[in-house]
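Shown next, in structure tokens, is the structure this report addresses.
The values are calculated or read from the model by the stated rules, or taken from the named source; none is laboratory data. Bear in mind the structure is a predicted one, so any value in this text is a computation, not a measurement. Every residue, glycine as well, gets a Cβ built from its backbone with ideal geometry; the counts of neighbours run over all protein chains shown.
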Amino acid sequence: MNATTDRDLAALTERVSAALATAAELGASQAEASASRGAGLSATVRMGEVETLEYHRDQGLAVTVFFDQRKGSASTSDLDPEAIAETVQKACVLARYAAEDEYAGLAAPERMAHDIPDLDLYYPWDLEPGAAIEIAQECEAAGLAHDARITNSEGATLSTHAGARVYGNSHGFLAGYPSSQHSLSCAVLASENGAMERDFEYTVARAPQNLENAPQIGREAADRAVRRLGARKLNTATVPVLYPARLARSLFGSLVGAISGGNLYRKSTFLADALGQPVFAELVHVTEQSHIPAGLASAPFDAEGVATADRPLIEAGVLRGYVLGSYYARKLGLESTGNAGGIHNLVVETTGESYAELLAGMDRGLLVTELMGQGVNTVTGDYSRGAAGFWVENGELCYPVNEITVAGNLADMYKQIEAIGTDVDLRGGIRTGSVLVGGMTIAGN
């Protein structure tokens, strides 16, 4: 950390402490507050010209108070002491008018994080606007020059952000940490014989030195767009579908939604009461690994101060854990899993095959390269999404396809997973390789 970050953390800690003290003075039986401050730069170029250049600085404080089982919340972007005091007062007024909720309250005091590990999350990038523009221009120029069929661009964007967050509550918990995230993306259009296709590529990391090379991002975006030219439609069929790593994470994102507290309590999920039951193929193992150094979803504690920890979610296909904050955990008669605010690095274990081996193993089927629309019903598990990709014969890509729908039911799809690749995508909070799913319906002509 540098001196600026130390000052930010000290200032935010002071603001959170003041909010908690005011809540106690106003008679709140419990209270929690979080404060954050950050800044960043974003530069977008299109066809070599600067389209947008933005510097953004944000800050805010949110406070929640409890008067026994009555809850009130308020927030402000003004961190002056007077504004914070007024925000706490408003939260207290709201709480006094709220209905009682027997499940309301802070997470259990014994679950608070005591040791706050340094997870290597903070790499500020002191980037001048001119340098940001040059990187974005270099990225886009490489894409435009890569192939004569690249005729247009939606632009390239470089974004950088760094900041700090502090959380505290009336259990005596008070801690914070800084973090950063930087990204570069490029989207281009290819055209041939009157047809036009678009695709993109991106890179994201905590540290700027871990971003992929700018020209390589542009060239990959161009490659992806050109490969889609000449797309055909398919006849309706039932075949294996290979989800590349960048899309496979959506399969496990749907899992997280299905085993989250609100859906479980309302029984609005196809995985209600599935704990301890086989829900995936036996080869599937999924763990939450909250403390991966520089992980994009790493965190030492959750949004309620509960300590995060590594744990299994899926073992040999069997569901071993839910995703819970304290409120719905109490409603379900369970304990918080340290997931208030979301999941922390979901890691899907590979079965050892390379991407090429997955294609060869599929033999005949569909490689999906784009998914469109939401099309996932968490209540029933029904799955239907617009898609584009490539038809595969004898384990090799034959031709691009579009205007198709990939359909199934997640309960079946999860059990029909045949392999998970070694090509793990690290660009998000869900880390997985490509996933081969057997026997899905491809709706086309």
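Some observations on this one:
- Residue in region 122-139 that is surrounded by fewer than 16 Cβ atoms within 10 Å (Cβ to Cβ), assigned by TED's automatic domain parsing to the domain that holds Gln30 and over 25 Å from Arg57 (Cβ atoms) present: no
- Of all residues in region 27-80, those satisfying the criterion of being modelled with pLDDT of 95 or more, within 30 Å of Leu106 (Cβ to Cβ) and assigned to a loop (DSSP other than H, G, I, E, B) are Gly27, Ala28, Ser29, Ser77, Asp78, Leu79, Asp80.
- Scanning region 219-241 for residues that are part of a loop (DSSP other than H, G, I, E, B) and among the hydroxyl-bearing types (Ser, Thr, Tyr) yields one hit, Thr236.
- Against the criterion of being surrounded by fewer than 22 Cβ atoms within 10 Å (Cβ to Cβ) and within 30 Å of Ser298 (Cα to Cα), Ala207 qualifies.
- Remark: pairs (first residue in region 323-349, in the same structural domain as Asp302 (by TED's automatic domain parsing) and within 27 Å of Gly433 (Cβ to Cβ); second residue assigned to a helix (DSSP H, G or I) and among the β-branched types (Val, Ile, Thr); Cβ separation under 8 Å; 6+ apart in sequence or on different chains) = Val323/Val256; Ile343/Val256; Leu346/Val256.
- Check on Ala83, modelled with pLDDT of 95 or more and over 30 Å from the mean Cα position of the chain (by Cα): yes
- Single condition Ala245 does not satisfy, out of (1) in the same structural domain as Glu335 (by TED's automatic domain parsing); (2) out of contact with any Asp or Glu (no Cβ under 8 Å at 6 or more places or on another chain): (2)
- Meets criteria (touching a residue at least 24 places away in the same chain (Cβ under 8 Å), assigned to a strand (DSSP E or B) and not hydroxyl-bearing (Ser, Thr, Tyr)) for Asp199: yes
Per-residue answers, yes or no, for (1) under 22 Å from Gln277 (Cα atoms); (2) in contact (Cβ under 8 Å) with a residue 12 or more places away in the chain; (3) of a type outside the set (S, T, N, Q); (4) buried (at least 18 other Cβ atoms within 10 Å of the Cβ):
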| position | (1), (2), (3), (4) |
| --- | --- |
| Ser384 | no, yes, no, no |
| Ala388 | no, yes, yes, yes |
| Leu397 | no, yes, yes, no |
| Thr422 | no, yes, no, no |
| Arg431 | no, yes, yes, yes |
| Asn445 | no, yes, no, no |
